[in-house]
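Structure record follows, encoded as structure tokens.
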Amino acid sequence: MTAVPTSSSLVPALLWALSFFAAHRALIGSAQSLPPAKHDGFVYAAEHRVDSGTVEIEAFLDPLCPFSRDSWPPLKQAADYYGPRVRLVVHLLPLPYHDHAYVASRALNIVNGLNASATFPLLELFFKEQARFYNAQTINLSKAAVVGYIANFAKQVVASPLKSAVVSGFKNRSTDLKTRVSFKYSALRGVFSTPTFFVNGFLLPDSASTADYDGWRSIIDPLIAA
Ligand SMILES: *[C@@H]1O[C@H](CO)[C@@H](O)[C@H](O)[C@H]1NC(C)=O
Ligand SMILES: *[C@@H]1O[C@H](CO)[C@@H](O)[C@H](O)[C@H]1NC(C)=O
Ligand SMILES: *[C@@H]1O[C@H](CO)[C@@H](O)[C@H](O)[C@H]1NC(C)=O
């Protein structure tokens, strides 16, 4: 027989549940308003117009992940080849075991807010010089030193008047909250590793076919033709 809670045990349980949800909501409310004002993600070649026939690729990448780094050139080549027939959106998923991935992702959000066209140049710069920010290479650095190191690294993609704003952007809470949205969005989509790709909303099961340009062509060509 299933245990039916008596009213004496039910009332405290309900009160507990209500207080839990109230506290939980208060926590969310004070930290951040969700949903965010804008969709998460950086749109590659955002000047392209999209229509109902545009194929959407979503890439979940970590700026400090070597597999994300290796996946980027063929994906970019494919996006450049298809032009407006493909819309490529990059979502950042800073993986917790890459110690500075969140700081790097925040740098991308800061730069994006100051000069959107510097976003992908900075992502590529992180990929190129990634090893400088790996866990082992930064083991003796304080958190503050790493933030300074990454801020100074990131500011090279913007023009002189904006360089100090990149550095001060790390003191602006709204850039932190924006970076959290990327993480939350990844969790919402069930993404737990990088790179992860979706095409028209569906997870690509086979990572081998996304490893090179021909693989991307074999995925996208039939969709464009259809
Ligand atoms: C970190 O500090 C230890 C102890 O001083 C030193 O042996 C090691 O080489 C340092 N590592 C790096 C990457 O600087
Ligand atoms: C914006 O970024 C682009 C690409 O890095 C760069 O060429 C341009 O000079 C930047 N402009 C400013 C004002 O930072
Ligand atoms: C903080 O950043 C937001 C957008 O990212 C911007 O609108 C706001 O002006 C910034 N605040 C300061 C004090 O720089």
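The values are calculated or read from the model by the stated rules, or taken from the named source; none is laboratory data. Please read all numbers here as calculations on a predicted model, not as lab measurements. Cβ coordinates were reconstructed from backbone atoms using ideal geometry, including for glycine residues, and neighbour counts include every protein chain displayed.
Things to note:
- Total residues in the stretch 167-198, condition near ligand 3 (Cβ under 10 Å from one of its atoms) and either among the polar types (S, T, N, Q) or without any contact (Cβ under 8 Å) to a residue 24 or more places away in the chain (or both): 6
- Taken over the stretch 179-226, the criterion of being touching a helix residue (DSSP H, G or I) at 6+ places or on another chain (Cβ under 6 Å) and farther than 24 Å from Phe67 by Cα is satisfied by Ile224 alone.
- Any hit, the stretch 81-95, residues being within 16 Å of ligand 3 (Cβ to nearest atom) and out of contact with any Phe, Trp or Tyr (no Cβ under 7 Å at 6 or more places or on another chain): yes
- Residue ID - farthest from Arg85 (Cα to Cα), chosen from residues in the stretch 163-205 that are within 16 Å of ligand 2 (Cβ to nearest atom) and among the β-branched types (Val, Ile, Thr): Val167
- When each of Arg106, Arg132 is tested for being in contact with a helix residue (DSSP H, G or I) (Cβ under 9 Å, 6 or more places away or on another chain), surrounded by fewer than 16 Cβ atoms within 10 Å (Cβ to Cβ) and in a helix (DSSP H, G or I), the lone residue that passes is Arg132.
- Enumeration of residues in the stretch 196-210 that are buried (at least 16 other Cβ atoms within 10 Å of the Cβ) and hydrophobic (A, V, I, L, M, F, W, C): Phe197, Phe198, Val199, Leu204
- Neighbours by Cβ (under 7 Å, 6+ apart or cross-chain): first from the stretch 94-116, of a type in the set (Lys, Arg); second in a helix (DSSP H, G or I) and within 12 Å of ligand 3 (Cβ to nearest atom): Arg106/Phe170; Arg106/Thr175; Arg106/Asp176; Arg106/Thr179
- Among the candidates Leu18, Leu64, the residue that is modelled with pLDDT under 80 and either surrounded by 10 or more Cβ atoms within 10 Å (Cβ to Cβ) or aromatic (Phe, Trp, Tyr) (or both) is uniquely Leu18.
- Candidates Ala159, Ala145, Ala187, filtered to the one that is within 16 Å of ligand 1 (Cβ to nearest atom) and either among the acidic types (Asp, Glu) or exposed (fewer than 12 other Cβ atoms within 10 Å of the Cβ) (or both): Ala145
- Per the conditions (1) part of a loop (DSSP other than H, G, I, E, B); (2) touching a strand residue (DSSP E or B) at 6+ places or on another chain (Cβ under 8 Å), the sole criterion not satisfied by Leu223 is (1).
- Residues satisfying the stated conditions in the stretch 148-160, i.e. within 16 Å of ligand 3 (Cβ to nearest atom) and part of a helix (DSSP H, G or I): Ala151, Ala154, Lys155
- The combined condition, being buried (at least 16 other Cβ atoms within 10 Å of the Cβ) and touching a Cys at 6+ places or on another chain (Cβ under 9 Å), is not fulfilled by Thr175.
- Scoring Asn152 on the criteria (1) buried (at least 16 other Cβ atoms within 10 Å of the Cβ); (2) over 15 Å from Ala59 (Cα atoms); (3) away from ligand 1 (no atom under 16 Å from the Cβ); (4) not acidic (Asp, Glu) leaves a single failure, condition (1).
- Checking each residue in the stretch 109-142 for being under 18 Å from Asp62 (Cα atoms), of a type in the set (S, T, N, Q) and near ligand 2 (Cβ under 9 Å from one of its atoms) picks out only Thr119.
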